[in-house]
Structures are given as C-alpha cells and as structure tokens.
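*Asks:* Mind having a look at this structure? Questions to follow.
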Amino acid sequence: MIQTIIFDLGGVLIKWDPKLLYRKIFPDEKEMNMFLSEVCTMDWNEQQDAGRTWKDGIAELTPKYPQYEREINAYFRRWPEMLGGAIHETVVLLEQLKASKKYRLYALTNWSAETFPFAQRQFSFLQHFEGILVSGEEKLKKPDPKIYQLLFSRYNIDPATALFIDDSLRNIKAAEQVGLQVHHFTESEKLRVELKRLLTNG
C-alpha cells in the first residue's frame, strides 16, 4: 500500500526551459540552439544542480567562449526568466493528495541551491510538501542512488510503500533500483489515471 508520494519538480510540477530566456537574447534560432547544445549545455547546468557554484560554473566557460561572455552570465543572472510557470494539472493532483490527508508528500529535485529560492518564492504549492530534498544543497543529484537513500533516511521513508514520480527515465530507472514504485511522467492526465489505479485501495 502506498503511504508516501515523492514528486520531481521540474517537468512535473514546474515548467523550466532555457529557451524561454535565450529566445529573447538570440535573434537567430540556430545560434541559440548551438549555444545551448555546445556552450551552456545540460551537462554543464547539471554541475550546478550537483552543488557547484554558478560563479565557478561561469568561470569555467567564459575563457573557452569569450565571445559569449554576456550570454553565459545571463544563464544565472536572468535565470528566473527560464521559469514558465506551474504545470497546473499536476498541481491540482498534488493539492487533492494534500487535502485527502492520506499520504506523506515529499519532493526530490535536481536543482541548484542558488536558484531554488526563486522557485520557492514563486510557487506557493511547494509548501504542500513535508520535505524537499534539493540536489544542490546536498551536493548529490539524481540518478545517484545515494540521493534516494538520503531521502529515505532523512524522512524515514520506506521505499516499498512509496511512489516516485519523475519525467526523467534515467531517474526512474535509478529509483526502481533502490526499491521505489515509480511513474514515468509524460503528462498530467496519465498521472491522474495512474494515481487513481494505484491509490484506490490506499
């Protein structure tokens, strides 16, 4: 029986997309795509999610790409412009779970410690969680099994009675390996159907 539900945040409850910012900066879509695939890459961004400071991350890139110094700096300085708002249909599901008072609700997110406060100020529904484990604060990130184990120990969660929801397949696979029940998030309606199926007898 499921007693605990653990949500990822970005891509499940919160829209986040660097292109929302960089379309304002680059008039040419091709150059923007090149910049995000070769300069400020997802791998580079994930190092901040893993605890590296933005100062150090930017200092690594600017000597390699001095022609893009302004654009690289914008990744942090204008980071809130990458937030596209809440994924409302999933937020409704979260609020329904909270109102039921039947489940422990937590979040496990790959997010920079320096930028997560922006999200906390913008999205009041984050208060629905009993706890949020932020990778950048712990200097661990999904899919490292250690971050799941840290979640279990910190909040006394039994993975056998917990459901984990994430839009990243690699994170889902890692969660399965540590004993969690999982839902690979692709859209809110599919999650609603899955929750109804799993929780009917909860």
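*Asks:* Consider ALA113 carefully, then state whether it is surrounded by 15 or more Cβ atoms within 10 Å (Cβ to Cβ) and assigned by TED's automatic domain parsing to the domain that holds ALA175.
*Replies:* yes
*Asks:* Additional query: Failed condition for ASN73, given (1) in the same structural domain as ILE58 (by TED's automatic domain parsing); (2) without any contact (Cβ under 8 Å) to a residue 24 or more places away in the chain; (3) under 28 Å from LYS146 (Cα atoms), with all others met?
*Replies:* Evaluating ASN73 over (1) in the same structural domain as ILE58 (by TED's automatic domain parsing); (2) without any contact (Cβ under 8 Å) to a residue 24 or more places away in the chain; (3) under 28 Å from LYS146 (Cα atoms) leaves (3) as the failure.
*Asks:* List every residue pair whose Cβ atoms lie under 9 Å apart, where the two residues are 6 or more positions apart in sequence or sit on different chains, the first residue falls within segment 114-125 and is in contact (Cβ under 8 Å) with a residue 12 or more places away in the chain, and the second residue, located anywhere, is hydroxyl-bearing (Ser, Thr, Tyr) and part of a loop (DSSP other than H, G, I, E, B).
*Replies:* Between residues of segment 114-125 that are in contact (Cβ under 8 Å) with a residue 12 or more places away in the chain and residues that are hydroxyl-bearing (Ser, Thr, Tyr) and part of a loop (DSSP other than H, G, I, E, B), the close pairs are GLU114/THR53.
*Asks:* Taking GLY84 as the residue in question, decide whether it is surrounded by fewer than 13 Cβ atoms within 10 Å (Cβ to Cβ), in contact (Cβ under 8 Å) with a residue 24 or more places away in the chain and not hydrophobic (A, V, I, L, M, F, W, C).
*Replies:* yes
*Asks:* Further, regarding this structure: What is the number of the single condition among (1) more than 23 Å from the chain's Cα centre (by Cα); (2) assigned to a loop (DSSP other than H, G, I, E, B) that LYS24 does not meet?
*Replies:* (2)
*Asks:* I'd like to verify a number: residues in segment 133-149 that are among the aliphatic types (A, V, I, L, M) and touching a residue at least 40 places away in the same chain (Cβ under 8 Å), how many?
*Replies:* Looking only at that region, the number is 1.
*Asks:* Now, a different point. Show the residue pairs meeting these rules: Cβ distance below 7 Å; 6+ apart or different chains; first residue within segment 186-202 and surrounded by 15 or more Cβ atoms within 10 Å (Cβ to Cβ); second residue at pLDDT 95 or above and among the β-branched types (Val, Ile, Thr).
*Replies:* SER188/ILE87; SER188/THR90; LEU191/THR90; LEU191/ILE165; LEU198/ILE2; LEU199/ILE2
*Asks:* List every residue pair whose Cβ atoms lie under 7 Å apart, where the two residues are 6 or more positions apart in sequence or sit on different chains, the first residue falls within segment 24-37 and is within 16 Å of ILE72 (Cβ to Cβ), and the second residue, located anywhere, is aliphatic (A, V, I, L, M).
*Replies:* Filtered contacts from segment 24-37: ILE25/ALA74; PHE26/MET32.
The values are calculated or read from the model by the stated rules, or taken from the named source; none is laboratory data. Please read all numbers here as calculations on a predicted model, not as lab measurements. Virtual Cβ from ideal backbone geometry, glycine too; neighbours counted across all protein chains shown.
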